[in-house]
């Protein structure tokens, strides 16, 4: 699961760069590929709980909105979903995730 999370971070960093640049007004957005991270083997198997799976579902819904309409608001909703889940399960990367937020 950690490898999937790192790939998601790279993808989010690319989308953030796109959204804060002039490219977002006329260019093609970067790849925004669905990653079913909840199906990956976690470092700690106790992480995969009904609450985790609900949060994963909420994340995927927010993620799909960015894919359909990449806007800073939709992107920040994805970041918020990441933070909410990490607050309960793996708080280590929260500081790095929060740096993805786009000031609107």
### Query
So is residue 12 under 18 Å from residue 103 (Cβ atoms), outside any loop (DSSP other than H, G, I, E, B) and modelled with pLDDT of 95 or more or not?
yes
### Task
Would you check which residues across segment 94-104 are touching a helix residue (DSSP H, G or I) at 6+ places or on another chain (Cβ under 6 Å) and either surrounded by 14 or more Cβ atoms within 10 Å (Cβ to Cβ) or without any contact (Cβ under 8 Å) to a residue 24 or more places away in the chain (or both) and list them?
94, 97, 100, 101, 102
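The values are calculated or read from the model by the stated rules, or taken from the named source; none is laboratory data. The structure displayed is predicted, hence computed values, not measured ones. Quick reminder, even Gly has a Cβ in these numbers, built from the backbone with ideal geometry, and neighbours come from all protein chains shown.
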